[in-house]
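What follows is a short report on a single structure.
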Amino acid sequence: MRASAAGGLSLAALSGAIRRNPAYLHQYVTRGSPRLLAEGDRRVLAAMLGVSEAALGGPADGPVDGDASFALPRLDIEASAGPGAYNDGELVLGIDGVDGKLARALRLRPGKAGLITVRGDSMEPGLLDGDQLIVDLTDRAPAATARVYVIRIEGAIMVKRVGAGEGRLTAVSDNPAATVPVGEIEVVGRVVWRMGAPR
C-alpha cells in the first residue's frame, strides 16, 4: 500500500486503526490474506489514505458522498499543557470522524491530520484539560507570529505557543504561571481546531 507510506502511516498503525492485530495489513499486502478487506475496514482505510475504495479492492462504482465524514486517526499521545507527556512513538488508537465540510474548511489532507487530547493547565484559558485538538501534521514551520503547535522537547509531547525568530524557535505557555522545559523544539503539527465542553 504505497498510500500508507506516502501518508506517513505504517501498516501496523493502520491495522490498529481498524482494530486489527498489528500484522493484519502486512499479511493482506504480502500474502493476500484476507483476500478481500471487510467493507467497514475498507471504508475507514480509504478515508484515512485519501484513496477510493476501489483502490483497496472495493467496487468501482461505489457511492461518493461529498459531505461524508472525514476520518481522523486518534493518536495515542496526550499533548500535555503541563510538564510534558513522555512518548516513544505515536500509535493510532482508532478513528474518529469530523464533518467533511469542516475538514475542507481547515484544508485537512487524508493521513496528514490527527486528533489528540490536552492534559494540564499551562495553556489556560485558551485550552483546558480534556479538550480534543485537531492537529495539522503538515504544518511544521512556525512563523514570526506565534501560533499554537504540538511540539516535542527531549521526548516530551506538549502543546505550546510557538514562534520563529533569529534563527530559532521559541515556545511559551499561555498560563503565565507555567514554564516550558529547556531543550530543542521539534514541531509535530499545528493545532487548527479545538473541541471541548462549553465554557
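Structure notes:
- Breaking point among (1) at pLDDT below 90; (2) more than 24 Å from Gly16 (Cβ to Cβ), for Ala103: (2)
- Glu90, sole failed condition from (1) at pLDDT below 65; (2) in a strand (DSSP E or B): (2)
- At least 3 residues being under 28 Å from Ala17 (Cα atoms) is the threshold, and among the strands (runs of 3 or more DSSP E) wholly inside the stretch 114-199 those reaching it are 132-136, 147-153, 156-165, 185-195.
- Of all residues in the stretch 41-77, those satisfying the criterion of being closer than 21 Å to Leu102 by Cβ, in contact with a Lys or Arg (Cβ under 9 Å, 6 or more places away or on another chain) and modelled with pLDDT of 75 or more are Phe70, Ala71.
- Qualifying residue in the stretch 25-40 (condition: buried (at least 19 other Cβ atoms within 10 Å of the Cβ), assigned to a loop (DSSP other than H, G, I, E, B) and at pLDDT 70 or above): yes
- Output for the stretch 100-109, where each listed residue is crowded, with 18+ Cβ neighbours inside 10 Å and in a loop (DSSP other than H, G, I, E, B): Leu108
- Contact annotation: residue pairs with Cβ atoms under 8 Å, 6 or more positions apart or on different chains, pairing a residue in the stretch 12-31 that is within 16 Å of Leu72 (Cβ to Cβ) with a partner that is in a helix (DSSP H, G or I) and modelled with pLDDT of 85 or more, are Leu14/Leu25; Ile18/Tyr24.
- Enumeration of residues in the stretch 112-130 that are crowded, with 22+ Cβ neighbours inside 10 Å and farther than 22 Å from Pro73 by Cβ: Gly120, Ser122, Met123
- Exactly one residue out of Arg168, Arg119 is of a type in the set (Lys, Arg) and farther than 27 Å from Ser10 by Cβ: that is Arg168.
- Top-ranked residue in the stretch 131-152 [being within 18 Å of the chain's Cα centre (by Cα) and β-branched (Val, Ile, Thr); ranked as surrounded by the fewest Cβ atoms within 10 Å (Cβ to Cβ)]: Thr138
The values are calculated or read from the model by the stated rules, or taken from the named source; none is laboratory data. Remember, it's a predicted structure, so these values are computed and weren't measured experimentally. Note that each Cβ is placed from the backbone with ideal geometry, even for glycine, and that neighbours are counted across all protein chains shown.
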